[in-house]
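Participant: The structure's right below; bear with me while I get my questions together.
The values are calculated or read from the model by the stated rules, or taken from the named source; none is laboratory data. Remember, predicted model here, so these are calculated numbers, not experimental data. Every residue, glycine as well, gets a Cβ built from its backbone with ideal geometry; the counts of neighbours run over all protein chains shown. The protein model used for the area step is the full one, side chains on, heavy atoms only, and it has no ligands, DNA or RNA in it. Shrake-Rupley method; radii C 1.70, N 1.55, O 1.52, S 1.80 Å.
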Amino acid sequence: MRTVLPALPWIGILLAICIVQLIRAQAFDTLLFGIVALALLADASGLLPVTRLASPPLAVMVLVAVPVGIALVVSPRHGVVAGLAVALTGLACAPFAWTERPPRPLASASPSRSARQREAQEEEAERRLRVLLVRSAVAWAVVAVALCVLELVSFLVGRLSPQSSHDHPAISELLDPVVESWPGRVLFVAAWLGLGIVLVRAGRRAPDA
Amino acid sequence: MRDLTVGGYLLCLLAAAVLVWQSHRGRAPLAPVGEVLDLVLASRAARVALVGFWWWLGWHFLVGQTVDPVIGG
């Protein structure tokens, strides 16, 4: 039985998004987040197999992302081609998201130092790095939570009337006309694919948390 | 009121920019974004959740229904 506790906050976040999608009356979106939450719960309970898969080289990812990006920019929004491109991108990324990553090796000190000195130096460096990383993760989490709360409140209040929709626009409403324009869509697609590459590659150098 | 809401979003964007700036200056009090991502995404649950949400963003803006109708409209 794997540890369920570390996965619980992420399962909770996915279920919260699932509820928002239910309010939006978007069956597919609700199902998507619900299935991912259930898969994580099953995984945390040890019911699903763990895979070990190395991330593809950056050059390969970029080579794949470029034609996908072109297809998404030139094809009509909400069309079949865009749907296929996004769906295939997700299917290609899923195994790399699911895979177990090896822990990051510790930085080695000068070989001239004694083993004890080196060990103490490594422990101190790792402790400092952990403090820095946790502080940074908390700072980013505060910004992310603030954005999510603002978006959620705007989404809920904005649904009540045309006036409140104007007064409390959701991020989707603000970005929709931007993505509709050609330059805006180029920027959005580039940012989306770039973020995907970062997410699929990140975590592989991380310490054993 | 609309300006206040948009201002809130922009404030979050500004806060993110400040965090990136703070993490890259000399004797930075924060770790670089890449290091933070590596720490967070070392957990498979975090990686699956964030990759899932990232994929949905693409679907939401490029394929699915992006803007919802107003109930009271």
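Participant: Which condition from (1) of a type in the set (Ser, Thr, Tyr); (2) out of contact with any helix residue (DSSP H, G or I) (no Cβ under 6 Å at 6 or more places or on another chain); (3) open to solvent by less than 20 Å² (accessible area, probe 1.4 Å) is the one that residue B:9 breaks?
Facilitator: Only one criterion is unmet by residue B:9, namely (3).
Participant: Consider the stretch A:160-203. How many of its residues are outside any helix (DSSP H, G or I) and in contact (Cβ under 8 Å) with a residue 12 or more places away in the chain?
Facilitator: Residues that pass the stated criteria total 4.
Participant: May I ask you to say which residue of B:21, B:55 is more than 7 Å from chain A (Cβ to nearest Cβ) and of a type in the set (Phe, Trp, Tyr)?
Facilitator: Residue meeting the stated conditions: B:21.
Participant: What's the number of the condition residue B:51 fails, among (1) open to solvent by 20 Å² or more (accessible area, probe 1.4 Å); (2) part of a helix (DSSP H, G or I)?
Facilitator: With (1) open to solvent by 20 Å² or more (accessible area, probe 1.4 Å); (2) part of a helix (DSSP H, G or I) applied to residue B:51, the lone miss is (1).
Participant: Given the residues A:55, A:45, which is the only one that is surrounded by fewer than 17 Cβ atoms within 10 Å (Cβ to Cβ), of a type in the set (Gly, Ala, Ser) and within 16 Å of residue A:195 (Cα to Cα)?
Facilitator: The conditions single out A:55.
Participant: Can you tell me which condition residue A:156 does not meet? The list is (1) over 20 Å from residue B:10 (Cα atoms); (2) more than 7 Å from chain B (Cβ to nearest Cβ); (3) out of contact with any helix residue (DSSP H, G or I) (no Cβ under 7 Å at 6 or more places or on another chain), and all the others hold.
Facilitator: Failing condition for residue A:156: (1).
Participant: Just one of B:27, B:2 is at the interface with chain A (Cβ under 7 Å from one of its Cβ atoms) and open to solvent by 60 Å² or more (accessible area, probe 1.4 Å); which is it?
Facilitator: Checking each option against the conditions leaves just B:2.
Participant: Exactly one of these conditions fails for residue A:122: (1) touching a residue at least 12 places away in the same chain (Cβ under 8 Å); (2) open to solvent by less than 50 Å² (accessible area, probe 1.4 Å); (3) under 30 Å from residue A:18 (Cα atoms). Give me its number.
Facilitator: (3)
Participant: Taking the criterion of being within 19 Å of the chain's Cα centre (by Cα), among the charged types (D, E, K, R) and open to solvent by 60 Å² or more (accessible area, probe 1.4 Å), would at least one residue in the stretch A:173-184 satisfy it?
Facilitator: no
Participant: Here is a follow-up. Just the residues that are assigned to a loop (DSSP other than H, G, I, E, B) and at the interface with chain A (Cβ under 7 Å from one of its Cβ atoms), please, taken from the stretch B:30-48.
Facilitator: Selection gives B:30, B:31, B:41, B:42, B:43.
Participant: Given A:113, A:128, A:101, which one is modelled with pLDDT under 90, crowded, with 18+ Cβ neighbours inside 10 Å and not hydrophobic (A, V, I, L, M, F, W, C)?
Facilitator: Just one listed residue meets the conditions, A:101.
Participant: Can you go through A:28, A:33 and tell me which one is open to solvent by less than 70 Å² (accessible area, probe 1.4 Å), within 10 Å of chain B (Cβ to nearest Cβ), under 30 Å from residue A:186 (Cα atoms) and touching a helix residue (DSSP H, G or I) at 6+ places or on another chain (Cβ under 9 Å)?
Facilitator: A:33
Participant: Going by the structure shown, is residue B:45 within 30 Å of residue A:65 (Cβ to Cβ) and open to solvent by 40 Å² or more (accessible area, probe 1.4 Å)?
Facilitator: When the stated conditions are applied, residue B:45 does not pass them.
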